[in-house]
1. Test each condition in (1) part of a helix (DSSP H, G or I); (2) at pLDDT below 90; (3) among the hydrophobic types (A, V, I, L, M, F, W, C) for Leu46 and report the one that comes out false.
2. For Tyr26, are the conditions met, namely being among the hydroxyl-bearing types (Ser, Thr, Tyr) and either modelled with pLDDT under 85 or assigned to a loop (DSSP other than H, G, I, E, B) (or both)?
3. In segment 49-68, how many are over 15 Å from the mean Cα position of the chain (by Cα) and loosely packed, with under 10 Cβ neighbours inside 10 Å?
Amino acid sequence: MNIVKEWNAFDILIMKIEQLVHSFNYADLSDQVDVETMIAAETEHLQKENEYLKARETPLYMLEEDEKYMCPKCQMPLQENDRYCSNCGHRVMKHIVFCDLGTDDE
């Protein structure tokens, strides 16, 4: 019987706390920025960021010297199969030379 009284007291305490929380007046949200304005501003920001990243992502050919490769932007050493410079983050690619073997017309 004593456990029931303690449980009821605990339950009443929880109920009082919930009432107190719900009784707070929440701040007036009418001074908040309009949702459409926020979306338009974020869209414009993302478009600018996208254009910046597109320009940055134009790959550059790695510099090759004595079978060692370097980033053309920051001159950091790279591995032959790297796609991005680990220092500046620029996209790089290895320059591939195609040989034209021609055809034999004999």
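The values are calculated or read from the model by the stated rules, or taken from the named source; none is laboratory data. Here the structure is a predicted model, which is why all the values come from computation and not from measurement. Positions of Cβ are backbone-derived with ideal geometry, glycine not excepted, and every protein chain shown enters the neighbour counts.
1. Checking Leu46 against (1) part of a helix (DSSP H, G or I); (2) at pLDDT below 90; (3) among the hydrophobic types (A, V, I, L, M, F, W, C), the one that fails is (2).
2. Values: among the hydroxyl-bearing types (Ser, Thr, Tyr): yes; either modelled with pLDDT under 85 or assigned to a loop (DSSP other than H, G, I, E, B) (or both): yes.
When the stated conditions are applied, Tyr26 passes them.
3. 5
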